[in-house]
Amino acid sequence: MENVTVVTGDGGSIELEGGVLDSLASRMGGSLLTASSPGYEEARELWNAMIDTRPALIARCSDAGDVRTLIRFAAEHDLLISVRGAGHNIAGSGLCAGGLTIDLSQMRNVEVDPASMTAVVQPGATLGDVDAATLSHGLALPVGINSTTGIAGLTLGGGFGWLSRKLGLTIDSLISADVVTAGSEMIEASETENSDLFWGLRGGGGNFGAVTSFTFELHPMGPELLCGLVVHPFSDAASAVPFYREFTGNCPDELTVWMVLRDAPPLPFLPEEVHGTKVVVFAFVFAGDPEVGEKLIAPLRAWGSPHGEHVGVIPFAGFQQAFDPLLTPGARNYWKSHNFSELSDGLVGEVLSATESLPSPQSEIFVAQVGGEAARRPIDSTAYPHRDAAYVMNVHTRWESPADDTRCVDWARAFFDATAPYATGGVYLNFVSEAADEERIRAAYGAHLDRLREVKRKYDPENLFRTNLNVRP
Ligand SMILES: Cc1cc2nc3c(=O)[nH]c(=O)nc-3n(C[C@H](O)[C@H](O)[C@H](O)COP(=O)(O)OP(=O)(O)OC[C@H]3O[C@@H](n4cnc5c(N)ncnc54)[C@H](O)[C@@H]3O)c2cc1C
């Protein structure tokens, strides 16, 4: 291997000789890539094409032993590192410029034990990998709504989706995690082993170590559920959004309805003339007996004069991919997100006027209904601090050409500022699009920041794990 200059933790750099890198590679089951290696360009691709980060080294791990070898090596040479799962983080924190990326994306195994209703999941697995392995047994883990998202980053941030109101956040089903610490120790974190670390992992992001395996509790579910989309013209939005607020204010935990405002994609159940026009979409899942669900969703289907609907009892693993075509990798993306305890009239007004000025055909305003079981767990039971968020709004600004970067980013920021007065002030760390200042870090970790700092001081006092929404020791 050639000599490679690598950025160090203090922002300086060190030249690593080819022989040193050869020796490192020989101790790995996986592969070590430099900028001249075949596969390097592909290995640095992330979901968000806005990110163009070039690590000096990308280490594609094959097992926990590789992770340990790399962390020991990084600590010895004081290298800047990042940890990458499936590479979905909007801010691109899975890569580090000039440093060593510990890439876990090849470790994708999901092992389900139907008898104990548990799954052991490797950190490179996607939500699609998890759904495929669990739902085939009629079991589910509550995860997010896009099948190519990684389980690791999602879990470490909290994790919510269609089943969270019924089953809690993803972290609420976490039984234990295997972690390689900054001191390159391999330890387990659970309620009984290293419980302070276990608390911090559940909402504290990738701050405390590299997780090499997650063990989750699974729940009987489906595998077919009543799911669907009802699409309304934007001309009805001024009454559709308040209807959504009222309807979701009275839902049982089994029923979750999200609302999306955007230009209509070319969905086969919509008349062609509707494609590309502004619409309000109610998307829902009923996580229970479909017959019961049919009655509950009747008012949602009866309201207004929808352009069309696609509703039925279908394999839930399939519905988990329903939004994939709108969220494919490779586009330019910038997100802004707020949490809300209610959808006030003032907020509704801002949402309506922003929809009229969406900056690109692919941009959308997403309102996720959370609450239910996710809100019932004691706030201090995990590091995740936003259980009071009944709704999470995420603005997916999305476009293709770099020439549109400034216009699209400015639009998202202006909408974010206009809606801030109605928000709780908290933000889901997995939706933060850029390097965060102290105020945004406090918004992400809330009242738990000081306790997270204590955990950080114990498990990563030198801040080896820093390319994230950083809890500084
Ligand atoms: C299209 C799309 C849809 C989404 N939908 C949802 C949703 O419905 N619900 C939801 O909750 N979130 C959702 N998210 C957000 C998602 O949770 C985050 O993007 C998350 O970071 C993805 O995890 P990843 O492993 O793919 O990330 P990566 O980019 O691989 O990693 C992100 C960060 O996580 C940390 N990390 C990753 N793996 C490890 C590990 N093994 N050990 C320690 N630290 C690690 C590191 O700090 C890393 O920088 C969505 C994201 C996208 C792009």
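Structural remarks
- Annotation: GLU185 fulfils all but one of (1) within 16 Å of the ligand (Cβ to nearest atom); (2) touching a Ser or Thr at 6+ places or on another chain (Cβ under 9 Å); the unmet one is (2).
- Taken over the range 378-411, residues that are outside any loop (DSSP other than H, G, I, E, B) and closer than 19 Å to TRP258 by Cβ amount to 8.
- Taking the criterion of being without any contact (Cβ under 8 Å) to a residue 60 or more places away in the chain and either hydroxyl-bearing (Ser, Thr, Tyr) or open to solvent by 30 Å² or more (accessible area, probe 1.4 Å) (or both), the residues of the range 346-361 that qualify are GLY349, SER353, SER357, SER360.
- Contact map, the range 242-265: first residue open to solvent by 40 Å² or more (accessible area, probe 1.4 Å), second residue in a strand (DSSP E or B) and modelled with pLDDT of 95 or more, Cβ cut-off under 7 Å, separation 6 or more or different chains; pairs are GLU254/PHE286.
- Residue among TYR459, TYR422 that alone is more than 30 Å from LEU197 (Cα to Cα), touching a Leu at 6+ places or on another chain (Cβ under 9 Å), open to solvent by 20 Å² or more (accessible area, probe 1.4 Å) and in contact (Cβ under 8 Å) with a residue 12 or more places away in the chain: TYR422
- When the range 176-197 is filtered for residues that are of a type in the set (D, E, K, R) and either without any contact (Cβ under 8 Å) to a residue 60 or more places away in the chain or open to solvent by 60 Å² or more (accessible area, probe 1.4 Å) (or both), the ones remaining, listed by number, are ASP178, GLU185, GLU188, GLU191, GLU193.
- Residue selected from the range 144-160 under the condition more than 6 Å from the ligand (Cβ to nearest atom) and outside any loop (DSSP other than H, G, I, E, B), by the criterion farthest from PRO123 (Cα to Cα): THR155
- Enumeration of residues in the range 419-465 that are of a type in the set (Phe, Trp, Tyr) and within 27 Å of GLU185 (Cα to Cα): TYR445, TYR459, PHE465
- Residues of the range 275-303 that turn out to be surrounded by 15 or more Cβ atoms within 10 Å (Cβ to Cβ) and closer than 13 Å to ASP236 by Cβ, as a count: 6
- Residue within the range 79-89 that is farther than 20 Å from GLY330 by Cα, surrounded by fewer than 24 Cβ atoms within 10 Å (Cβ to Cβ), modelled with pLDDT of 95 or more and more than 8 Å from the ligand (Cβ to nearest atom) present: no
- ALA75 being open to solvent by 40 Å² or more (accessible area, probe 1.4 Å), free of Cβ contacts under 8 Å to residues at least 12 places away in the same chain and not hydroxyl-bearing (Ser, Thr, Tyr): no
- In the range 117-143, of all residues being within 12 Å of the ligand (Cβ to nearest atom) and open to solvent by 10 Å² or more (accessible area, probe 1.4 Å), the one that is nearest to the chain's Cα centre (by Cα) corresponds to THR126.
- At least 2 residues being modelled with pLDDT of 95 or more, closer than 30 Å to VAL179 by Cα and not charged (D, E, K, R) is the threshold, and among the strands (runs of 3 or more DSSP E) wholly inside the range 209-271 those reaching it are 210-217.
The values are calculated or read from the model by the stated rules, or taken from the named source; none is laboratory data. As the structure is a computational prediction, the values presented were derived from the model and not from experiment. Cβ: placed from backbone, ideal geometry, glycine included. Neighbour counts: every protein chain shown. For accessibility, only protein heavy atoms count, side chains too; no ligands or nucleic acids. Shrake-Rupley method; radii C 1.70, N 1.55, O 1.52, S 1.80 Å.
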